[in-house]
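Report on the following structure.
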Amino acid sequence: MAKDPAFLFYTSDFLTGTTFMDNEEVGKYIRTLCLLHQHGGHLPKKMIEKVVGVLPAVILEKLQVDKKGNLFNQRLIEETIKRNSFCESRRSNIQHRYKKSTSVKHMNIHMENEDEDEDDNIKNKDIGVVLETWNNRMPWKVKKITGLRLVHLKTRLLEKEFKDNFNTILTKILVSDFLMGKRTSKGHTNFKADFDWLIKNDTNYIKIIEGKYDNREPI
């Protein structure tokens with residue numbers, strides 16, 4: 001899936017949020033947001049400062065630190081997720097309208113062939129991409145994809161929602177206190193959203209996308 005070249009920019013909120021910044025600080029802040037957006041939402045402070053210069057305290061107050069020590073902006077991540085969900089909804093609507101314009105017989109034949117093609121396309125490289133992405137971003141590493149884990153992952157890779165939103169799912173896990181094991185609940189005292197929990201069915205990752213596990217505290 002191609003990287004989204006844009007994110008929603010709310011001018012009124014931005015003006016309010018930068019009231020106490022001078023023009024130089026505003027420039028640094030907007031460049032920081034652009035850098036974060038183009039690099040998956042999280043970057044080391046040193047990398048950002050190589051581009052924008054030293055980050056003043058008034059900008060650092062707008063950023064949070066993840067478990068790896070990288071900086072991110074919670075609002076930027078939320079707006080990126082919203083836009084990704086909106087774009088995916090638009091694509092799905094277009095595909096739905098196209099399919100309805102064909103005959104029922106033709107659509108059934110097409111879907112049967114498409115399912116067969118998708119089964120054949122679950123190759124080692126697809127599994128490798130998921131494994132590499134997970135291990136690069138998540139604190140809980142996966143060493144092997146075998147047995148039941150392999151069966152579950154192959155099933156998830158047949159699901160377009162899972163494949164297209166995999167990076168978004170990981171981002172939402174990283175910023176969720178509950179999914180990261182920082183906040184417990186009754187009956188889930190030692191829970192964390194590890195790899196096996198994510199892929200074991202077709203509902204856990206959907207709940208993440210829908211925001212069921214988002215932090216509820218005001219930012």
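The table below gives the values:
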item	result
Residue among Leu60, Leu131 that is farther than 16 Å from Thr171 by Cβ, modelled with pLDDT of 90 or more, of a type outside the set (S, T, N, Q) and within 16 Å of the chain's Cα centre (by Cα)	Leu131
Criterion: of a type in the set (A, V, I, L, M, F, W, C), in contact with a Gly (Cβ under 9 Å, 6 or more places away or on another chain) and not assigned by TED's automatic domain parsing to the domain that holds Asp13 - qualifying residue of Phe195, Phe166, Phe191	Phe191
Test: residue in the stretch 171-188 that is among the polar types (S, T, N, Q), at pLDDT 90 or above and in contact with a Phe, Trp or Tyr (Cβ under 7 Å, 6 or more places away or on another chain)	yes
Selection within the stretch 40-57 - under 27 Å from Thr168 (Cα atoms) and either exposed (fewer than 14 other Cβ atoms within 10 Å of the Cβ) or of a type in the set (Asp, Glu) (or both)	Pro44, Lys46, Met47, Glu49, Lys50, Val51
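The values are calculated or read from the model by the stated rules, or taken from the named source; none is laboratory data. The structure presented is a predicted model; accordingly, all values stated were derived computationally and were not measured. Note that each Cβ is placed from the backbone with ideal geometry, even for glycine, and that neighbours are counted across all protein chains shown.
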